[in-house]
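Down below is the structure, laid out as structure tokens.
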Amino acid sequence: MKIKSVATLRKDLNPKTQEALITRDFELPLGKTFAVYGVSIWRDVLHYLIVEDDETPFWFPAELFVVEDTLLPNGMYHKYFGLQDKRGVNALWGYKEMVLDDQHYVDLIERETKAIEIFLKRKKEIDEM
């Protein structure tokens with residue numbers, strides 16, 4: 001799946017998305033295409049997991065992008081958590097650990113070394129597909 005950035009400002013997002021976010025504005029180059037390594041619905045807002053130039057994964061609201069290629073990678077997992085998940089995650093699509101290990105999602109956001117290592121391994125596999 002490939003997406004292209006079309007917005008970077010919080011004010012460009014709908015009010016519901018703005019309420020769910022912690023970040024004010026986003027440091028994304030406009031018009032750049034990114035590979036998607038995960039999809040989440042967090043606090044009722046769709047997000048994409050992408051990496052910027054430094055190989056660090058970040059979740060960004062889908063409203064900042066247009067989809068250029070809708071094909072999801074082979075081997076992508078999905079899990080619906082419902083509305084009561086303690087992390088605020090309603091649903092996830094992604095690589096095995098992202099979806100099946102509840103702690104991996106949190107560890108990746110917190111930049112835990114092991115989670116980053118797993119992400120980079122799965123990123124490489126996805127990029128080679």
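What to note about this one:
- Two-site label geometry, K2 and K32: point separation in nm, points 7 Å out along Cα→Cβ: 1.6 nm
- Normalised contact order of the chain, rounded percent, pairs of Cα under 8 Å and 6 or more residues apart: 23 percent
- Local charge for V51 was computed over the other residues whose Cβ lies under 12 Å away, with Lys and Arg +1 and Asp and Glu -1, and equals -1.
- Pair-distance profile P(r), taking every C-alpha pair of the chain, with 5 angstrom steps and integer %: 2, 10, 21, 24, 22, 15, 5, 0
- Stokes-Einstein D for the range 5-76, Kirkwood Rh over Cα pairs, 20 °C, 1.002 mPa s (µm²/s): 167 µm²/s
- Spin-label model, E52 to K79: label points 7 Å out along the Cα-to-beta-carbon direction sit 2.9 nm apart.
Each reported figure results from applying straightforward, stated rules to the coordinates on display, with no laboratory input. This structure is a prediction, so every number in the text was calculated from the model and none was measured. Cβ sites come from the backbone with ideal geometry, for glycine too, and all protein chains shown count toward neighbours.
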